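Beneath this line is the structure, given in structure tokens, with notes to follow.
Every number in this text was worked out from the coordinates using simple rules, so none of it is lab data. Quantities reported herein were computed from a predicted structural model and do not represent experimental measurements. Cβ placement follows ideal geometry from the backbone for every residue including glycine, while neighbour counts extend to all protein chains displayed.
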Amino acid sequence: MTTQPIKIFKPVLLLLMAVTLLLSCKKEKAIDGQPADVPQITNIQPKNPQPGDVVTVTGSGFGATATDVKVTIGSTTINISSVTATEIKFSVPADLSSGELAVAIKNVKAAIKDPQGVAITVTPKPVTTPTFTAMSPASGKTGDVVTLTGTNFSTLASDNKVFFTTNTGGTVVLGTIKTVTATQITVEVPASAITGGILIDVKGTNAVPTAGFSTTFTVNTTTGGGTSSVAYINSKSGNLNFSKIATSTNEIGEMYYDKVKNYIYYSDYSLLTQTGDKVYKQDPTGNNPAVVLTADSRVNKIVKLSADAVGNIYALKYEEGPSYYSIYKISPDGATVTEIIKRFEMGANGSSYYFFYVNAANEICIRPDYKVTQDGKIVSSGTSLSGLQQPSGGGFYNNSTVYLAQTTNNTNEANKAKFIKWNLANGSVTDVGFTLQDLYNTDDATLFSDNGKISKLKFAVDDSENIYTMMDHSYQSGQITKTWMIRKAKAGSTSSTLLGTFSIKFPSLDLTDFLGAVIFVSDARGNLYIKANQKDIIRITQ
């Protein structure tokens, strides 16, 4: 009876020992060989990537949810682009430093089974130096387009810069790029370019000229397609033609083109010289001499002129300082003169800081907030429009619209100037859609980059509402000549066309910036007229 329990216990004991041994083996296997649910990395390619390269991590247990995956290289967390159960992909960031790669799935670190290890060595991209191999043409004038050939140019226009030699405001001037490919750049010759080397900059790296290739671009100062029969005017670029149609006895102080009757009217009186006392009517063809508009003795000392829709001429007479004026209405034949208002005070700034236009209701518009009716009543809102570049005058389109220049900070800084449209009927003002910098940055970039000041700005408008602007190029007082640029634009568009550049030689050294003053008007068809060298009227045709 005592031996039976022992016989039963022995098999049970052996069974318990077998189970314990099996569990112990499984535990050792989990420690040494990793359980099946722990992710593993078996391969990484490439291990020496360049910025932008795609790296593929191969293994198992990665899952399919990107937010569960964390990839790091050194201390940098990497944004992955895709994940599957066996593959993770990511792009190498531009600023990534070399380091060891680690992967965690739901915070479980992946086991490393790649025999080559997990070190990632970032290899810098090789620098592709741009080259400059050809230029066509190798000479030209302002406004011409030149094709530059080479290698490794950026296909993004803003990454490329083309510099021409200049002696205005520095040693180089930026050209306007028209088109780009990886091997060609087309660029417009800027107004201030002179003969010298061209430099191409691609993302801050200068293009290297090939051996034996000359980067020198020769700037022609000949008239090109334009002509000039005026001895002191040199057409430097474009197709503008210059001819003198009249010469006044005294200095021309004011000039106005009447598009209704097709005549030029001018006064030979200015506040500065105070010589001359008549208003003249000039045939714009130059075939007939100027005639005095009226013999009425009241019409003298005229500083501004305008016209209504039927051709009556309005004259602003300077009475006395500081700002007393009278307004007269003169019939087209000069026989009838009507006094609109006598000796009124316009304001402390003087008439040269105001405009003078007649709207469709025959009201004389002095400023957007200030006008005079036909019966001599002054209508003023009391709120003036600040920031107007008054000395520039305005561009008269018709009896309803005038174009003006305005600065956003009430100064004459060029990079703050924009164009606005003045509604003569109600005095409202709206933006035209382009700035002075939109028009002339190509021609004189230094003026806009260094808060340069507007020296002389003139503009006129034809009956197709083309806006012609005329600006001097980086002029300094005391020079003997002044270079002008004329551009043609359209309201609502920031693009414009450079019609030409030309220089005017003064009769003597201009120490006061007075001899170089011009007046700029347009007829209905876009023929332009300027007062030049104080007494001459010059016609400019396109």
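Remark: the stretch 131-219 carries a charge dipole of roughly 0 debye about the Cα centre, counting +1 on each Lys and Arg Cβ and -1 on each Asp and Glu Cβ.
The residues neighbouring PRO124, those whose beta-carbon lies less than 13 Å from its own, together hold a net charge of -1 under the Lys/Arg +1, Asp/Glu -1 convention. Ranked by the mean number of other Cβ atoms within 10 Å per residue, highest first, peptides 119-128, 285-294 order as 285-294, 119-128.
Can you spot the lysines whose alpha carbon is less than 17 Å from LYS47's alpha carbon? Ignore those fewer than 8 places along the same chain. Straight-distance partners of LYS47: LYS89, LYS113, LYS125.
Dividing the Cα radius of gyration of the stretch 131-219 by 2.2 N^0.38 Å, with N the residue count, gives 0.97.
Taking the structure as given and computing semi-axes √(5λ) of the Cα gyration tensor in Å, which label from (i) 35, 30, 23; (ii) 42, 27, 23; (iii) 81, 30, 16 fits? It is the value labelled (iii). Of the peptides 185-192, 328-335, 357-364, the ranking by mean beta-carbon count within 10 Å, highest at the top, reads 185-192, 357-364, 328-335. Near the amide H of ILE120, under 5 Å away, which other amide H atoms are found, from residues 5 or more places off or on another chain, if H is placed in the peptide plane? Residues meeting the criterion, in which the H sits 1.01 Å from N, are GLY99, GLU100, LEU101. Between the helical axis of 4-33 and the longest alpha-carbon principal axis of the chain there is an angle of about 30 degrees. Taking other C-beta atoms within 10 angstrom as a stand-in for reagent exposure, LYS377, LYS371, LYS236 fall in the order LYS377, LYS371, LYS236, fewest first. Note on ASN107 and GLU320: the extension gain reaches 67.7 nm, defined as 0.36 nm multiplied by sequence separation minus the Cα-Cα distance.
From most to least packed by mean Cβ count within 10 Å, the peptides 78-91, 265-278 give 265-278, 78-91.
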